[in-house]
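Asker: My structure is below; once you've seen it, I'll send some questions.
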Amino acid sequence: MSYAGDLTPQEAWEKLEQGAILVDVRTEGEWAHIGIPDTKATDNDPLFIQWTFPGGIPNPDFINDLSQQAPEDRSTELVFLCRSGQRSIAAAIAATRAGFTSYNVLEGFEGEPDRYGERTVNGWKNRGLPTNLGKN
């Protein structure tokens, strides 16, 4: 593994409570229409940096954007989140290569789809972790 490790959503929340910073790498459309994690109960606000743009176009400035927004002290742990836990793996690998301690959130924000294609099985929001959706 080329990053610090994979975390369940609950383990990710525990890391955030210990001072790690959440980095949501989904697209602006996902943040606006699907919701975002609510980290008010932790010491750090999340960072919102798109790994890809709509259509899957890679963000060529991802590491630069991350370096500008993350603490200068690269020992602060970063926890990467996407929809299902796939884009966040790539982001965690890239961040690790740039010198950050990086984790991936398994299941992502929405989790895997059920047999009908609805994302209701698992993931950050379906596990009841705080979101801006008002359900938690």
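Asker: Quick one: is R26 part of a loop (DSSP other than H, G, I, E, B), modelled with pLDDT under 95 and of a type outside the set (V, I, T)?
Answerer: The answer is no for R26.
Asker: Further question: Whether any residue in the stretch 104-113 is part of a strand (DSSP E or B) and touching a helix residue (DSSP H, G or I) at 6+ places or on another chain (Cβ under 8 Å) is what I want to check.
Answerer: Yes, that holds for at least one residue.
Asker: Tell me whether the stretch 65-78 contains one or more residues that are in contact with a Cys (Cβ under 9 Å, 6 or more places away or on another chain) and farther than 19 Å from N126 by Cβ.
Answerer: No; the residues of the stretch 65-78 include none that is in contact with a Cys (Cβ under 9 Å, 6 or more places away or on another chain) and farther than 19 Å from N126 by Cβ.
Asker: Does the stretch 55-64 contain any residue that is within 23 Å of W13 (Cβ to Cβ) and charged (D, E, K, R)?
Answerer: no
Residue-wise test of (1) in contact with a strand residue (DSSP E or B) (Cβ under 8 Å, 6 or more places away or on another chain); (2) without any contact (Cβ under 8 Å) to a residue 40 or more places away in the chain; (3) closer than 23 Å to G29 by Cβ.
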position: F53; (1), (2), (3): no, yes, yes
position: G56; (1), (2), (3): no, yes, yes
position: P60; (1), (2), (3): no, yes, yes
position: Q69; (1), (2), (3): yes, yes, yes
position: F80; (1), (2), (3): yes, no, yes
position: A90; (1), (2), (3): no, yes, yes
position: Y103; (1), (2), (3): yes, no, no
position: P113; (1), (2), (3): no, yes, yes
position: G117; (1), (2), (3): no, yes, yes
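Asker: Then there's this: Out of the residues in the stretch 29-40 meeting the condition of being in contact (Cβ under 8 Å) with a residue 24 or more places away in the chain and assigned to a helix (DSSP H, G or I), tell me which one is surrounded by the fewest Cβ atoms within 10 Å (Cβ to Cβ).
Answerer: Only one residue tops the list, namely G29.
Asker: Are any residues in the stretch 49-95 among the hydrophobic types (A, V, I, L, M, F, W, C), buried (at least 16 other Cβ atoms within 10 Å of the Cβ) and not in a helix (DSSP H, G or I), and if so, which ones?
Answerer: I49, W51, A70, L78, V79, F80, L81, C82
The values are calculated or read from the model by the stated rules, or taken from the named source; none is laboratory data. Small disclaimer: the values here were computed from a predicted structure and weren't measured. Cβ coordinates were reconstructed from backbone atoms using ideal geometry, including for glycine residues, and neighbour counts include every protein chain displayed.
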